[in-house]
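Notes follow the structure.
Please treat every number below as a calculation from the coordinates, not as lab data. Just so you know, these numbers come straight off a predicted model, no measurement behind them. Here Cβ is always computed from backbone atoms with ideal geometry, including for glycine, and neighbour counts include all displayed protein chains.
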Amino acid sequence: MSKELPKLLRTYKDSGFVIQEKSRLIYYLCVIALTAVFLLLAFQLFSHPLSEFLYRSTLTTSGSLLILFVLLLVCLFLLSKGHYILSSHLLAIFVMLITWLIMMLGGDKFLAQLNYIIIGLMILSMLPLIMAKHRYSVALYSAFNIFMLFIFLTYSADNYDLVQSSKWNYLISVSVAFVLVALLGMGICFINKKDFEKAESDLVGIKKVGDDIKQSNELFKTLFESMPISMSLADMNAKLIMVNKAFCKDLGIKPEDAVGKTTADLGVAMTPEHEQKFVEKLKKDGFVDNLEVSVVDKYGARHELYFYATVLTINNQKAVLSSNIDVTEKRQLEFKLKEYNTKLEELVKERTEDLEASNEELKATNEEIIEKSKIIGSKNYELSEALELLKTTQQKLIQTEKMASLGLLTAGVAHEVNNPLNYIMGAYSALENYFQEHGSNEAAKTDILLNSIAVGIERISNIIKGLNQFSRQNDSMDEACDLHSIIDNCIVILHNKLKHKVDIIKKYFNEPIILKCNISQFHQVFVNIIVNAIQAIPDKGTIEIFTNVEGERLIIEISDDGVGMEENLLTNITDPFFTTKAPGEGTGLGLSITQTIINDHNGEMKFESKINKGTKVTLSFPYK
Amino acid sequence: MKTKILYVDDEPINLELFKINFEKKFEVFIANDAFQGLELLEKEMDILVVISDMKMPKMNGIEFIKKAKELYPDKKYYILTGYEINAEIQDALNSGLILRYFSKPFNVKKIEGTIIEAIGL
């Protein structure tokens, strides 16, 4: 706004505006004065021939002008040193003094230009008013000029026949003019001063506001520039007015390239639908907040932005302040995160499936193991069964071995007994024959004696036979057995146990029963059953033996009236080593062996028993 | 003329008692062992019935009868034993080597009856 100061006035560079203007005025005045003096000097030199130049008057005028020139240079010098007030006063004083000096020396030569000179001096006298310092020196200068005019008029009028009256008239009118001008100047100056003071105080306020504005502006600029988010100010035609660093960085441009162009010019455009939405919203509300838009940059890459915009009024012009946050990366990260998440989920799913499969496998393996365990269990059971069977078999073998040994023993004993028995028998037979032939003196007595021998032999013989039957060694199952004689044999063998205790009641089938069997084993069957029956009878009792043929089956029932057994024990009584007898009395093998023999003969054995009533054993065999 | 029978046993008492009990009906030859028995059979060609004890030293009843039967197949052979019937005797019965076996103590009547029946008197 302010024109640049002349080089000479650089001292006032930092001074106030008024001082700068004042100094500038003085400077111009000086320059004008110097130019005027220079021109006058030149005029003096060229207007007079050299011969005239040496005249006194011309010489003094030129000398005075030269002095004034120097004095003006001094004023300029002082002005350049910052003494602008002193300079202005000196300027006024020097010009007035030299002017009057020249006028005095020049005499009537200047009378014709007197009015112009007076006007010029009057103006010079007003200089303090302009400087607004030592204003009252205006009166001094005016008075001095009037005084000098008076002297000049007096002197000139005396020399050049000036009319006396016109001389006073002129002087008075000039004086009045001076006073009026001074008063007017003072008045104006006074009013101006008031105005000026007010203006100055206003200026302080304005300056403060200006500073504030400047600061705000600075702050705004700094903020605007340093914002990490892209910001721009554009007019209503979308032409950019201002952009920040982030904006430039985002678009890869320089700030000066952006101003005056639209973003579309810079190769960046919102997708049409987003743009439409943005413009509508902005028109409707005057702002856009957090609008999600897609933008395609000049390389064709798509960016996702959160867009903010507000309509402002700057210098009575509407503008749009926009900012945006590029969330492309965030979006990409989100997308990636989502992708990872999905992948993770898939992975988890996969792993879960793997685990489930493994679990299934484990389950299957487990089941297999359980299955195998079961098999082992059952094998174990089989093994223990086998062991049990082995034990039983061993015991049975021992029993069989015992029976075999017993058989051998019995056979040997029987043979040894039979031979002496044969002696007795032979002798008895011979004696009996003798007595029949020759008679006896005491026939009754000898008959009894002979009979006793016969009965004894018979009984011994039967026992031996029975034992032989019981223990004979023969494995064949198809010996012809006379059932009744076998039972009888058993009774003979057990005679010792039966006598005086048990009565045997035989209810035999009316015909002999001959079946194929192993005689020895059949003996064992009946001995075992009858021994059990005898042992079940505590004191005295009866054993009934019943035989019958029913159709194609042979039935044998052996019942006692002994102590009986609990029904629940009946299922176990054929188990090996099961016994109700006191230890040592029974092996627990009797009925087990019996059952085996019966099974070998395709027979069956059943038990019925009641406590204190007795037990009935029923055997049945196939019989044709 | 009585039927001639041979009884072989290693016990003299048995031999004596057998002879006493059967000599009324039969002409009884006795031998103490198998060899004597074979000698007697050679001498007395008309012995019809041979009864032997089972258990004898050197040669048992069945072995003796086997030899005798080879030489004299038409004679009737029997075993009289203090033992019960055993496999050897059973085989002899089954093969027809012996007709029957008797057990000790002997029953005179049974043996008499059997012989009489066998020789068809």
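Summary table below
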quantity: Per principal axis, descending, Cα span of the stretch A:444-564 in whole Å; calculated: 52, 37, 28
quantity: Sites excluded, GluC sites (Glu not before Pro) in DSSP loops with at most 15 other C-beta within 10 Å, longest stretch of chain A; calculated: A:5-441
quantity: Nitroxide proxy distance, nm - points 7 Å out along Cα→Cβ at residue A:448 and residue B:33; calculated: 4.8
quantity: Average other protein chain Cβ within 10 Å of Cβ, residues B:81-90; calculated: 6
quantity: For the stretch A:389-404, Karplus couplings with θ = phi - 60° (6.51, -1.76, 1.60), whole Hz, Gly/Pro x; calculated: 4, 4, 4, 4, 4, 4, 4, 5, 4, 4, 4, 4, 4, 4, 4, 5
quantity: Per-residue Cβ neighbour rank within 10 angstrom, fewest leading, A:181, B:50, A:18; calculated: A:18, A:181, B:50
quantity: Likely footprinting exposure, A:355, A:40, fewest C-beta neighbours within 10 Å first; calculated: A:355, A:40
quantity: Cα centroid separation, the stretch A:312-387 to the stretch A:537-573 (Å); calculated: 77
quantity: Gain upon complete extension [residue A:485, residue A:184; 0.36 nm per residue less C-alpha separation]; calculated: 89.3 nm
quantity: Positive-pole candidate from A:131, A:376, A:407, dipole of the protein assembly as shown, charges at beta carbon; calculated: A:131
quantity: Projected label distance in nm at residue B:110 and residue A:508, using a 7 Å step from Cα toward the beta-carbon; calculated: 1.6
quantity: Cα centroid separation - the stretch A:400-426 against the stretch B:6-73, whole Å; calculated: 23
quantity: Computed [θ] at 222 nm, deg cm²/dmol, the protein assembly as shown (DSSP H ≥ 4; -39,500 (n - 2.57); rounded to nearest 500); calculated: -21000 deg cm²/dmol
quantity: Helix A:137-160 axis, angle to chain A major axis (alpha carbon atoms, nearest 10°); calculated: 20
quantity: Cα gyration tensor shape of the stretch B:3-119, rounded if a/c is under 1.5, else prolate or oblate by comparing a/b with b/c; calculated: rounded
quantity: Computed over chain A: relative contact order in percent, which uses C-alpha pairs under 8 Å that are six or more apart; calculated: 5
quantity: Residues whose placed amide H lies under 5 Å from that of residue A:542, excluding near-sequence neighbours; calculated: A:503, A:561
quantity: For A:88, A:520, order by how many other beta-carbon atoms lie within 10 Å, fewest first; calculated: A:520, A:88
quantity: Kirkwood-based shape ratio for the protein assembly as shown, expressed as Rg/Rh from alpha carbons; calculated: 1.97
quantity: Segment residue A:220-residue A:315, length gained on full extension (0.36 nm per residue, minus Cα span); calculated: 32.6 nm
quantity: Computed FRET value (nearest 0.05) for residue A:435 with residue B:99, which takes r as the C-beta separation and R₀ as 25 Å; calculated: 0.20
quantity: Partner aspartates and glutamates for residue A:379 [C-alpha distance under 15 Å; skip if fewer than 8 residues away on the same chain]; calculated: A:371, A:388
quantity: Alpha carbon convex hull of the stretch A:227-326, volume per residue in cubic angstrom; calculated: 91
quantity: Contact order relative to length of the stretch A:112-269, as percent, for alpha carbon pairs under 8 angstrom and 6 or more apart; calculated: 12
quantity: Computed Kirkwood radius, in angstrom, where 1/r is averaged over Cα pairs of the stretch A:7-206; calculated: 18.5
quantity: Listed pairs B:43/B:67; A:284/A:318; A:581/A:610; B:55/B:109; A:499/A:540 exceeding 19 Å between Cα atoms; calculated: B:55/B:109
